[in-house]
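The next block holds one structure in the form of structure tokens; read it before the comments.
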Amino acid sequence: MMRTLKEIKELVKEGKGNLICSVKEPLLNIELDHVIVDELHLLLRVMDVMLDNIITEFIDWDKDDDFEKTSSQPKGLHLQKLVREIKSCGVGFDVWEVRNPADNKGTGKYDFTSLFGNDKKKVLTLLPEKLSTVLHENTCTEVTKIWVDFRSIYNEINTWSHDKSADTFWNKTKSWLQVFVSLREKRAGYEKKRVTPYMHVLYAHVPFFLNTYKCLKTFTGQGVEKNNDTAWNVVHQKSNHHDSVGDIL
């Protein structure tokens, strides 16, 4: 079922009725098996989902526990405990309720600190073992396993060697996804619709890349990402905004 550049161009000529929705020809003539996923963004985007899920779990947990508390009793204790555990990994992190700009009242929606690559690596390395002390007992094993197994999968991508089996890796990612969606009846955020394109790529395409190119680290975008972080810091902290591009250069 592998698509090719030639197939896409032929489907464009058929119009909008084709099955894979090819509307216009690609701008660049690069075969699809030469478009390699960036392992750094794979980490960032998958961890976004995992972090969002456990934060949602603790917010819902606090809502249940705080419902009958009086105004003088402390609230949000479970979420505070989770934030402390994440901060103990050596990163700056917080969760807050989004406010309505018109009246500054809470919207019931929450956001959390967006972590850069190195910070997310710290969290992935240190947090899984800490989760067992703060998660709901009835899903603690599965949620912890999702984190531990993803850490193992990501480390394997970065230490891949020629003698390893892509089939074994494929089975590992398949099992990881199965555990993820198995929680859909117990916890919010684990439904099949929450399996993002990056999670699909990890399962359906990364094994092919590892088998074909023997390494994904060669194609990492960390250098570009670091350059972007540096430019961002210049614009927001060291620039007068009259000539931000010149300041960056």
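The values are calculated or read from the model by the stated rules, or taken from the named source; none is laboratory data. Computed from a predicted structure; not experimentally measured. A quick note on method: Cβ atoms are made from the backbone with ideal geometry, for glycine too, and the neighbour counts reach across all protein chains shown. Surface accessibility is based on the protein's heavy atoms, side chains included, excluding ligands, DNA and RNA. Shrake-Rupley method; radii C 1.70, N 1.55, O 1.52, S 1.80 Å.
On the given criteria, is Gly189 part of a loop (DSSP other than H, G, I, E, B), open to solvent by less than 60 Å² (accessible area, probe 1.4 Å) and small (Gly, Ala, Ser)? So Gly189 fits the description; yes.
One residue stands out in the stretch 56-74 among those that are in a helix (DSSP H, G or I) and open to solvent by less than 60 Å² (accessible area, probe 1.4 Å): the one that is farthest from Gly189 (Cα to Cα), namely Asp66. Between Arg99, Arg45, Arg84, the distinction of being basic (Lys, Arg), touching a residue at least 60 places away in the same chain (Cβ under 8 Å) and open to solvent by 50 Å² or more (accessible area, probe 1.4 Å) belongs to Arg45 only. Pick from the stretch 157-170 the residues that are under 18 Å from His200 (Cβ atoms) and either of a type in the set (Lys, Arg) or open to solvent by less than 80 Å² (accessible area, probe 1.4 Å) (or both): which of them is modelled with the highest pLDDT? So the residue we want is Phe169. For residues in the stretch 102-144 being surrounded by fewer than 16 Cβ atoms within 10 Å (Cβ to Cβ) and part of a helix (DSSP H, G or I), which is modelled with the lowest pLDDT? For the stretch 102-144, the residue satisfying everything is Asn118. Considering the stretch 205-249, and only residues there that are hydroxyl-bearing (Ser, Thr, Tyr) and part of a helix (DSSP H, G or I), the residue that is surrounded by the fewest Cβ atoms within 10 Å (Cβ to Cβ) turns out to be Thr218.
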